[in-house]
1. For segment 139-188, just say rounded, prolate or oblate: build the C-alpha gyration tensor, square-root its eigenvalues into a ≥ b ≥ c, call rounded for a/c under 1.5, and beyond that prolate if a/b exceeds b/c, oblate if not.
2. What value, in deg cm²/dmol to 500, does the helix sum -39500 (n - 2.57) over DSSP H runs of n ≥ 4 give at 222 nm once divided by the residues of the chain?
3. Put +1 on the Cβ of each Lys and Arg and -1 on the Cβ of each Asp and Glu in the chain; which of V200, P146, V136 then has its Cα farthest toward the positive end of the dipole?
4. Can you tell me the length gained on complete extension of the stretch L43 to R3, counting 0.36 nm per residue apart and subtracting the Cα distance?
5. What ranking do 172-182, 113-123, 68-78 get when scored by the average of other Cβ atoms within 10 Å per residue, highest first?
6. Given axes a ≥ b ≥ c from the Cα gyration tensor, I'd like to know whether segment 151-220 is rounded (a/c under 1.5), prolate (a/b larger than b/c) or oblate.
7. With no solvent and one equal point scatterer placed on each C-alpha of segment 64-220, evaluate the Debye formula and give log10 I(q)/I(0) for q = 0.08, 0.09, 0.19 Å⁻¹, two decimals.
8. How large is Rg/Rh for segment 79-169, to two decimals, with Cα atoms and a Kirkwood Rh?
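The numbers here are math on the coordinates, done by the rules we state, and not lab data. Fair warning: this is a prediction, and the values are worked out from it, not measured in the lab. Cβ: placed from backbone, ideal geometry, glycine included. Neighbour counts: every protein chain shown.
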Amino acid sequence: MYRTGFIFDLDGVIVDTAKYHYLAWRKLANELGFEFTEEQNELFKGVSRKRCLEILLDIGGITATTEEFNRWMVEKNEDYLAYIEKMDRSEILPKVEEVLSYIKSKGMPIALGSASKNAIPILEKVGLSSYFEVVVDGNQVTKAKPDPEVFLMAAEKLGVPAQNCVVFEDAVAGLEAANNADMVSIGIGDAQILTAADHVFNNFEEMDISFLDRLMQEGN
Ligand code: G6P
Ligand code: MG
């Protein structure tokens, strides 16, 4: 039987952690004396922690010493971890578990492809770890999205050719990474922002389950 590999981004696709990343970055920006808007936070989606801090400091016009840079990275992550500490199943985005469960019931393999170094504890907190055959996260990749490394590594670990993989992403950089990997890219979010996607849905509630069947049958 034809195998389609389903690769999910984490933040903003499975759970709405983008708001916690935003609050932690905003706190740091405010401490450093400038504002950080939700609009600017769009640029941070799918982007590594280190790169986010570089962009944040650019926004604030701040030049950091190496010592400051490393300290602020730690500080942001500690604040973020405090926000996500109490996360539970209630933070799974609508219909996500139904989609994962449907794909699994069809015997198709599922992977996580995330830039986050906190991906595994988050999956555990919300109780979704068992759906994922493979997890590729920010601890394993060396090249950030839009580089396709994270998704190519996930496909390889799943044992599915890249062309037979589908990626769900909420970030522009993530969709570009999926396209660069020659995979089917599915945007979850605003179609006006996610123009790089092959298909876009505002959220999983707007995606009919039969769409998944089509992805499996067509062989993309
Ligand atoms: C995801 C989020 C980004 C975040 C990155 C690193 O891709 O969308 O906003 O910066 O992960 O997350 P981490 O948990 O390692 O700081
Ligand atoms: Mg994301």
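1. Note, shape of segment 139-188 comes out oblate.
2. Working: 9 runs with 96 residues, N = 220.
Dividing the helical sum by the residues of the chain leaves -13000 deg cm²/dmol.
3. V136
4. Gain on stretching L43 to R3: 11.0 nm.
5. Values: 172-182: 23.5, 113-123: 22.0, 68-78: 14.3.
Final packing ranking: 172-182, 113-123, 68-78.
6. Taking the square roots of the gyration eigenvalues as a ≥ b ≥ c, segment 151-220 is oblate.
7. -0.25, -0.32, -1.36
8. Using only Cα positions, Rg/Rh for segment 79-169 is 0.97.
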